[in-house]
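**Student:** Could you have a look at this structure, given as C-alpha cells, before my questions?
The values are calculated or read from the model by the stated rules, or taken from the named source; none is laboratory data. Given the structure is predicted, the values throughout are model-derived calculations rather than measurements. FYI the Cβ positions are ideal-geometry reconstructions off the backbone, even for glycines, and counts take in every protein chain you see. Heavy atoms of the whole protein, side chains included, go into the accessibility calculation; ligands, DNA and RNA do not. Shrake-Rupley method; radii C 1.70, N 1.55, O 1.52, S 1.80 Å.
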Amino acid sequence: PAGTVDSTWVNAVGTAKAFHPDWGRSEDQAGGAYYGIPYNVVDGTSATTAWPQVTFTDYGEESDCAAASGSGHEILQGCANQGSAARFPYPSAASTKFEGGACPANSGCGDRHVLVVETGRCRLWESANAYAVSGGWQASGAAAWDLHSLAMRPDTWTSSDAAGMPITPLLVKAAEAQTEIRHALRVTFPDAVLADRAYVWPASHAAGSSGGGPIPYGSLLRLKASFAIPSGWDAEAKAIALAMQRYGLYVVDNGSALYVQGEPSAAWRDTTLDQLKTLTMASFEFVDTSPITGKSGFNPRSYAASW
C-alpha cells in the first residue's frame, strides 16, 4: 500500500489554511454570484452540436481537436496546423455553460474552461480560455479523452489544466454528493508551494512559473483516515469528506491554496459549504504513491492504478 509524505509539504501550505469549496449555488451565468466549473452535455448529433471550427492561440501543438471522418468525428492529436479542419463539439454559444459565466472576450475572465461530455461516443472534450468568435471558436488549448480507455495524455503534454489531467471527472457534483461520490477530487495550490516543472503520475505536465516549492503536480492529497466526520454534518458534506478520505484529491493546477472545484448548482445548500469550510490543512496528508508507481507491471501511461 501507499505510504504518506512527511509533514513538510503540509507545513509549506500552512496547517491553518482553511478548505475552500470553490463552487456556488447560483446557476445564473450573468449573475455576480455565479462561480464553479460547469459542464455541458451533447450527444454528438446536429441537434446538440454543429462541430464548429476551433483555432488555438497558445498550445495548438499539444491540443486535441475533432477531425471529420465519414459520418462522424474522430479525435485528432496535435492540432496546431489543422486550420478550418479543426473542430470541437461546442454546443451553440447561446446555451454553452462557461467557467466564469457570461464574460466577453479579452475581459480577464480567468481560465474560462468549457467542458463537454459527448454521450453518443462516450468521450470528453475540454478547452481553456474558450470564446465564440467570428462564427467559430477560439481557445488557448484543448484536450479530449475516449472514456472507454484509460490512456493518458502524451508525456509532457498539457490539457486544459496545468497537470495535463481531465477536469470533469474530478469535479464535486451535486447529484453525486446527494448519494455517494466514488472518485477523487481536484485541488489547487499557489505557485510558491508547487515544484517548478515537476510532475508525478497521473500528471503528464507541469507549469513552469512556480516558486520552487516541494509539491509536484499530480500529487495526491487525502483527508486523514483519523479525521472523524462530524455526525452533525449534512449528507452532502459527509459524502464529500468521505470521498476525500477514500479517493483523495489530485493537485492539478496552480491557484489559491486548498481550493477544491465543483459544479455550480442550485441543489447545493449553504450548510454544506459552511461545514466544509471548517476543515483545515492540518486534517490532510500527502500520499507517497511510489510503492504503487514503482511496482513491476505498473504502466505510467495509463490511469489504471491496479493490474
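**Student:** If you line up the long axis of helix 235-246 against the longest principal axis of the chain, both from Cα atoms, how many degrees apart are they, to the nearest 10?
**Tutor:** 80
**Student:** With a 4.7 Å Cβ cut-off, tell me which Cys residues in the chain come up empty for a partner.
**Tutor:** Cys with no partner Cβ under 4.7 Å: CYS122.
**Student:** Run the numbers for ALA228 and SER134: contour at 0.36 nm per residue of separation, minus the present Cα-Cα distance, in nm.
**Tutor:** On the way: separation 94, 0.36 × 94 = 33.84 nm, distance 5.37 nm.
Result for the pair: 28.5 nm of gain on full extension.
**Student:** Which of the lysines could be linked to LYS224 by a straight reach, that is with a Cα gap under 25 Å, when you skip same-chain ones fewer than 8 residues away?
**Tutor:** LYS17, LYS173, LYS238, LYS277, LYS295
**Student:** Kindly provide the pair-distance distribution of the chain built from C-alpha pairs, with 20 Å bins from 0 and whole-percent values in order of increasing distance.
**Tutor:** Spelled out per bin, shortest first, that is 33, 59, 8.
**Student:** Quantify how much of the Cα-Cα distance distribution of segment 107-247 extends past 21 Å, in percent.
**Tutor:** Within segment 107-247, distances greater than 21 Å cover 54 percent of Cα pairs.
**Student:** May I pose another question? Could you state how much accessible area HIS183 has, in square angstrom rounded to the nearest 10, with a 1.4 Å probe and all protein chains kept in place?
**Tutor:** Rounded to the nearest 10, that gives 30 Å².
**Student:** Roughly speaking, what is the centre-to-centre gap between segment 109-134 and segment 137-160 when only Cα atoms are used, to the nearest Å?
**Tutor:** About 11 Å separates the Cα centre of segment 109-134 from the one of segment 137-160.
**Student:** Follow-up question, since we're still on this one. Based on the Cα coordinates of segment 6-162, what is the per residue volume of their convex hull in Å³?
**Tutor:** So the per-residue Cα hull volume is 157 Å³.
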